[in-house]
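**Q** Pasting a structure below so you can have a look.
Rule-based calculations on the coordinates, nothing more; no lab input. Source: prediction; values computed, not measured. Cβ sites come from the backbone with ideal geometry, for glycine too, and all protein chains shown count toward neighbours.
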Amino acid sequence: MKTLACLMLCCGLMSWPLCGQPRYKDASLPVEERVEDLLECMTLEEKILQLNQYTLGASDNANNIEEVTARIPAGIGSLIYYEENPELRNGMQRRAMEQTRLGIPILFGYDVIHGFRTVYPISLAQACSWNTDLVREACDMAAAEARRSGVDWTFSPMIDVARDGRWGRISEGYGEDPYTNAAFCTASVEGYQGSDLSSSTQVAACLKHYVGYGASEAGRDYVYTEISRQTLWDTYLPPYEAGVRAGAATVMSSFNDISGTPATCNAYTLSKVLKGQWGFGGLVVSDWAAVPQLIPQGAAADRKEAARLAVNAGLDMDMVGHCYDNYLDSLVREGAVSEERIDDAVRRVLTLKFRLGLFERPYTGEVPADQRLLLPQNRELAERLAEESIVLLKNEGGLLPLQGQRTIAVLGPIVDAPGELLGSWSGHGRGEEVCPVRDALTEEFGGTSQVLFHAGCPFDGDDRSGFASALETAREADVVVLFMGERRGWSGENGSRSCIELPEIQEEFIVEMQKAGKPMVLVLSSGRPLALQRVEPLCDAIVEMWQPGVPGGRPVAGVLSGRVNPSGKLSVTFPRTTGQIPVYYNRRQSSRPRQGLYQDIPSTPLYEFGHGLSYTSFEYGDLKLSRESVTGGETLTAEISVTNTGERDGAETVHWFISDPACRITRPLRELKHFEKQVIPAGETRVFRFGIDPARDLSFVDSDGNRFLEPGDYYIMVKDRKVRLQVY
Ligand code: BGC
């Protein structure tokens, strides 16, 4: 029933100051009540405006630069906010609050992907830390920087399982494994949102890109994806289900066409699964202009049809597509879209605005930038995360850490390219705020060794003019450290590569430097796994530093000197060659496991998922189960002890896998179900445990998402240890 105040407002009988407080403005009422009250006050036109997102400020997304910011109606639902300071937002918000009939605040969103101004490592690297606590803290820090700068909503985390390193967006997710993506998704949602979305230091999270975007054919971006229902449920949906359980406020649909039905208008994934089976009560936004992109995708004949398909499938908000604002009104009047559906979508938008406290505090405090951004503790947190993300891939003869070398030659294109270390989606991060490799190594080794720097080689192209002098520098040194890899624009959105080897010129440079006959360390900075088959044999040690953000060269300098004991392990498989893709640990078994192998390369990857070395050594004890057989309803504990048998303290991550060798729907050879990282002081032993709940850890879903647990034999595995567990 309409409240009297609202009725009068709608009929224009009563102006706001005279009517007293409408119920939706009463902060003491429950959100649901306020939403319903406001909804009843709204005209169709006002409702439809809430379902649109435009932009405000200067876009830094090169892919979207052509889009022109339209004249913004004050009653708009949401804006992508490109500024770093809140002033412009507040000005726009003032229009919404003061110049519209109902005073509904605008929701400001932005891509805070791995930091706002304090940029920390890319997500693929974060996952290699296996430290969900640290990732939660980093997201919490990014949330505070963002919210205090005028952003209420981040388009993060990206939880697209990705198994093709050619796809540039592999850098934005947590790797190839569903469980890993789910675990880091939960941590980041908790970090962004905290326990109270209305806090002035938290933002709403957005699970993206829903769903299956990572299956892009041949790693090309925006393209078709062929995904069976079984694979959808096994591989691509689990991180989203975890994110919904963690309370993520929003979801972004993806660009890809899922086996004939684009995600933007996919009623199965949006309505049946997300909103139906999982009971998601939040808001679903499209990806950038994805609604009109239903036309080139072949799903809609025109923009009106695109709007109809998307909204009826369950997509609530149109990101800059201008289909909802132009056509929903006539679609409703023609009966092609129901008013109930519009109300449902608006309800979701309003609920978020109330939860964020925007009705009570629509404006952002205008605090000077140096009091909210890049604070020393933020930098320090980014550095710790970067240290834990670094993966020591190879360390022949214990070359690392470097100790006692009189002269170190530091070569390669990364040496003087701090901006590249930010990675893609670097928010408001600035290249000049990244610690350059040159400065970091000078500081790290300056007192003990002479460090000679020489880029010597470009990222790509064919300028070999620096090769000869670089070789001379290498000859003068006791050890050569090569900083090679990718520019930041080579990964991320629209950043696919057809070959994930290092560019030819970089490979040649490595071959050339080998002529100096010195021990060689290869340090890689990349936004994807690289195929290193040709260069791996030439290097004594290999370190993957990823794209660490503002800490730049400092964390890896610490690893090279031994100040930091590396503890990262791969969240994604490194293939030998590009042709080996897709190669990932949780594949299904072949019918002839010993046959069908490649003739030209070993069929195993170069570096497996979970691979990563340390400067100390760990010895694993026996894997024990608290009981060897259980019913489906009982639980048990698996445990394994790990001893640090080396001479320095180190952190070890134990990955717990399960396998079900015979199942009515075949299962992967191994599936990660739990991981834990612990610091183990030299000489000490720690016990790692996995509390197994068969209903959760040994059950699987069928192609409709129905969970089942079969009686039979399962295996619990850690490294090469494997024990049988019987479920009866
Ligand atoms: C990307 C999204 C991003 C959006 C807004 C799109 O092009 O795919 O990940 O959140 O733009 O910037």
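**Q** Which members of segment 288-318 meet the condition of being surrounded by fewer than 24 Cβ atoms within 10 Å (Cβ to Cβ) and either within 18 Å of V244 (Cα to Cα) or within 16 Å of the ligand (Cβ to nearest atom) (or both)?
**A** Passing the criteria: W288, A289, P292, Q293, P296, Q297.
**Q** May I pose another question? Among the listed residues L471, L532, identify the single one that is surrounded by fewer than 24 Cβ atoms within 10 Å (Cβ to Cβ) and more than 30 Å from R430 (Cβ to Cβ).
**A** Working: L532 fails: surrounded by fewer than 24 Cβ atoms within 10 Å (Cβ to Cβ).
Residue meeting the stated conditions: L471.
**Q** While we're on this one: If you go through segment 176-191 one residue at a time, do you hit one that is away from the ligand (no atom under 16 Å from the Cβ), assigned to a loop (DSSP other than H, G, I, E, B), buried (at least 24 other Cβ atoms within 10 Å of the Cβ) and under 18 Å from the mean Cα position of the chain (by Cα)?
**A** Looking for residues that are away from the ligand (no atom under 16 Å from the Cβ), assigned to a loop (DSSP other than H, G, I, E, B), buried (at least 24 other Cβ atoms within 10 Å of the Cβ) and under 18 Å from the mean Cα position of the chain (by Cα), one finds at least one in segment 176-191, hence yes.
**Q** Mind counting the residues in segment 343-402 that are small (G, A, S) and not in a helix (DSSP H, G or I)?
**A** Let us first name the residues in segment 343-402 that are small (G, A, S), namely 345, 357, 365, 369, 382, 386, 389, 397-398.
Adding the requirement that they be not in a helix (DSSP H, G or I) leaves 357, 365.
Within segment 343-402, residues that are small (G, A, S) and not in a helix (DSSP H, G or I) number 2.
**Q** Do we find that S590 is without any contact (Cβ under 8 Å) to a residue 60 or more places away in the chain and under 18 Å from S659 (Cα atoms) in this structure? Before the answer, list the steps.
**A** Working: without any contact (Cβ under 8 Å) to a residue 60 or more places away in the chain: yes; under 18 Å from S659 (Cα atoms): yes.
Yes.
**Q** Which of the following residues is farther than 29 Å from I170 by Cα and part of a loop (DSSP other than H, G, I, E, B): G447, G495?
**A** Values: G495 fails: farther than 29 Å from I170 by Cα.
Result: G447 is the single residue among G447, G495 that is farther than 29 Å from I170 by Cα and part of a loop (DSSP other than H, G, I, E, B).
**Q** Something else now. Being free of Cβ contacts under 8 Å to residues at least 12 places away in the same chain and within 16 Å of the ligand (Cβ to nearest atom) is the requirement here; does P368 meet it?
**A** So P368 does not fit the description; no.
**Q** Residue under question is E652, and the condition is that it be within 25 Å of P178 (Cα to Cα), in a strand (DSSP E or B) and not hydroxyl-bearing (S, T, Y); does it hold?
**A** Numbers: within 25 Å of P178 (Cα to Cα): yes; in a strand (DSSP E or B): yes; not hydroxyl-bearing (S, T, Y): yes.
Spelling it out, E652 is indeed within 25 Å of P178 (Cα to Cα), in a strand (DSSP E or B) and not hydroxyl-bearing (S, T, Y).
**Q** Only residues that are within 14 Å of the ligand (Cβ to nearest atom) and more than 13 Å from the chain's Cα centre (by Cα): list them for segment 193-211, please. Even if it seems obvious, please write down each step before you answer.
**A** So in segment 193-211, the residues within 14 Å of the ligand (Cβ to nearest atom) come out as 203-211.
Passing the criteria: V203, A204, V211.
**Q** Those residues that are within 16 Å of the ligand (Cβ to nearest atom), among the small types (G, A, S), closer than 21 Å to H611 by Cβ and assigned to a loop (DSSP other than H, G, I, E, B), I need them from segment 123-167; list them, please.
**A** Scanning segment 123-167 gives a single hit, A162.
**Q** Pick from segment 236-254 the residues that are assigned to a loop (DSSP other than H, G, I, E, B) and within 16 Å of the ligand (Cβ to nearest atom): which of them is nearest to N266 (Cα to Cα)?
**A** Within segment 236-254, the first condition is being assigned to a loop (DSSP other than H, G, I, E, B), and the residues that meet it are 237, 246-249, 254.
Those still in the list that are within 16 Å of the ligand (Cβ to nearest atom) too: 248-249, 254.
Values: A248: 20, A249: 20, S254: 10 Å.
That would be S254.
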